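The values are calculated or read from the model by the stated rules, or taken from the named source; none is laboratory data. Remember, predicted model here, so these are calculated numbers, not experimental data. Don't worry about glycine lacking a Cβ; one is built from the backbone with ideal geometry, like all the others, and counts go over all protein chains shown. All accessible areas refer to the heavy atoms of the entire protein, side chains included, with ligands and DNA or RNA removed. Shrake-Rupley method; radii C 1.70, N 1.55, O 1.52, S 1.80 Å.
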Amino acid sequence: MRGLYYFTIDQRFEDNPLLQKAVEECEEICFCAKAPSSQWGYFRQRFTWESLEYLKRTLENNNNTLLILENPLKEISLASFDRVYICKMETAYEKEEYSLVPNELLVTMRTDRLSDSPPTPLPSTFTPFRKIVETSYTPSPFTPSPLQLGKACSLKIKTCESPSLSPFHPSSSYPFKGGEHQAKQRLSHYLYRDQLIEHYKETRNGLTGADFSSKLSAYLALGNLSPQAVYREINNFEQTVLANESTYWLKFELWWREYFRWVHDQYPHLFFLNSGIKNPAKQKAQIPNQELFSQWQEGKTPHPFVNAFLREFLATGYMSNRGRQITASYLVNDLQLPWKWGAQYFEDNLVDYDVYSNWGNWLYIAGVGNDPRPNRYFNPDKQQERYDPNGAFRKIWL
Ligand SMILES: Cc1cc2nc3c(=O)[nH]c(=O)nc-3n(C[C@H](O)[C@H](O)[C@H](O)COP(=O)(O)OP(=O)(O)OC[C@H]3O[C@@H](n4cnc5c(N)ncnc54)[C@H](O)[C@@H]3O)c2cc1C
């Protein structure tokens with residue numbers, strides 16, 4: 001059997017049951033991936049290139065290669081394959097892309113999630129969802145990297161080349177490189193070497209430095225790490241080192257990630273609409289003022305705290321969760337700009353862009369998602385007083 005393995009949001013060898021299946025089923029496997037779009041911001045492109053380069057190097061060490069192409073399913077002749085393996089995504093753009101693969105060839109699994117299916121019916125808010133899923137959950141056992149990655153691919157196609165990279169900003173909170181190896185190192189440092197997880201609940205609203213939160217987001221977004229592997233490691237940490245509110249809270253956040261995935265799959269057509277998945281009558285008025293939007297993007301609004309986050313974002317491609325909430329709320333509530341403009345800007349530029357987490361959080365803040373509260377407003381003055389009382393964060397970025 002001849003297989004094509006398309007790495008999408010599962011860019012890893014370990015804990016990848018779809019890859020395991022491909023290796024078991026095929027004598028020859030060709031591996032491909034999509035080159036990062038030149039429309040994306042530098043940091044998103046850079047992290048994705050690093051991740052792909054790691055896959056490519058590992059495959060080359062196994063006498064195979066990775067074909068990095070602008071549009072793999074159009075550039076590779078699918079007729080010469082018996083199977084095409086792709087991590088399952090139900091988003092409109094990806095569905096259209098995968099529809100190029102004849103049904104009888106396509107093999108898919110949802111390897112980007114904690115579980116294979118959601119509770120039915122899916123609760124309309126997060127808390128009841130979490131209460132159902134967290135009590136009985138056990139992540140799947142470890143799947144090692146398949147040692148034999150199939151006979152070398154005999155296809156010869158010219159592939160895209162990675163661009164040259166510049167150094168990180170000295171104050172970046174995300175000075176991490178993409179790739180499975182780096183992902184495992186970060187997880188191991190965050191849990192075992194530095195035991196930062198021990199204080200996660202108290203530090204997670206921090207704004208400066210690399211260690212106030214796990215910084216696993218970009219690794220999870222590209223699938224350099226499986227969420228099940230992270231969950232399993234936290235369980236292990238709890239059993240062998242310590243279990244407290246903080247260790248629990250990191251799992252709690254992984255459930256948020258999971259929830260937005262299932263919400264999307266329940267409302268695939270509403271998820272990206274301006275009116276969202278909730279009663280649009282409650283939506284804020286929107287004024288499509290391009291000049292105000294440019295000021296927000298450049299961090300030149302009247303509010304210094306908001307500006308500091310947006311300038312950090314421009315300089316590093318990362319913003320803390322607190323920063324994302326404050327800047328998104330400012331765009332929606334204070335500037336009354338269309339929330340989708342902000343979501344699209346984040347999509348292009350976030351180093352850890354994840355379609356479900358980004359659009360799900362924006363829907364939530366725009367008041368048309370899964371928020372049980374009718375008006376969630378992050379007052380920037382109060383937020384500044386609470387989270388940056390001495391101005392240390394503003395001093396770095398303004
Ligand atoms: C407007 C907005 C847009 C966002 N866009 C993205 C995005 O594109 N990609 C992304 O991964 N996260 C997104 N988030 C969620 C969150 O801000 C980031 O996951 C987090 O800041 C990443 O840093 P970390 O890995 O150190 O997080 P940690 O605090 O260490 O959390 C651990 C993991 O839990 C998950 N997680 C944490 N908070 C959330 C959340 N609110 N929603 C979903 N998952 C969560 C992430 O996978 C994260 O890596 C967004 C939040 C907001 C408010």
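With respect to residue 2, determine if the residue is open to solvent by less than 10 Å² (accessible area, probe 1.4 Å) and basic (Lys, Arg).
Answer is no for this residue.
Quick check on residue 253: is it within 30 Å of residue 111 (Cα to Cα) and part of a helix (DSSP H, G or I)? Quick ask: steps written out before the conclusion?
Numbers: within 30 Å of residue 111 (Cα to Cα): yes; part of a helix (DSSP H, G or I): yes.
Considered against the rule, which asks whether it is within 30 Å of residue 111 (Cα to Cα) and part of a helix (DSSP H, G or I), residue 253 comes out as yes.
Check residue 368 against each of (1) surrounded by fewer than 22 Cβ atoms within 10 Å (Cβ to Cβ); (2) within 15 Å of the ligand (Cβ to nearest atom); (3) among the aliphatic types (A, V, I, L, M) and name the one condition it does not meet.
(1)
With 394, 376 as the choices, which residue is touching a helix residue (DSSP H, G or I) at 6+ places or on another chain (Cβ under 7 Å), surrounded by fewer than 23 Cβ atoms within 10 Å (Cβ to Cβ) and modelled with pLDDT under 95?
On the way: 394 fails: modelled with pLDDT under 95.
Being touching a helix residue (DSSP H, G or I) at 6+ places or on another chain (Cβ under 7 Å), surrounded by fewer than 23 Cβ atoms within 10 Å (Cβ to Cβ) and modelled with pLDDT under 95 holds for just one of 394, 376, which is 376.
Looking for whichever is outside any loop (DSSP other than H, G, I, E, B) and surrounded by 15 or more Cβ atoms within 10 Å (Cβ to Cβ) here; the options are 130, 113. Which one fits?
On the way: 113 fails: outside any loop (DSSP other than H, G, I, E, B).
Testing whether each residue is outside any loop (DSSP other than H, G, I, E, B) and surrounded by 15 or more Cβ atoms within 10 Å (Cβ to Cβ) leaves just 130.
Of the numbered conditions (1) under 23 Å from the mean Cα position of the chain (by Cα); (2) crowded, with 19+ Cβ neighbours inside 10 Å; (3) assigned to a loop (DSSP other than H, G, I, E, B), residue 145 satisfies every one except a single condition; which is it?
Unmet for residue 145, out of (1) under 23 Å from the mean Cα position of the chain (by Cα); (2) crowded, with 19+ Cβ neighbours inside 10 Å; (3) assigned to a loop (DSSP other than H, G, I, E, B): (2).
Taking the stated definitions as given, is residue 225 part of a loop (DSSP other than H, G, I, E, B), within 30 Å of residue 59 (Cβ to Cβ) and touching a helix residue (DSSP H, G or I) at 6+ places or on another chain (Cβ under 9 Å)?
yes
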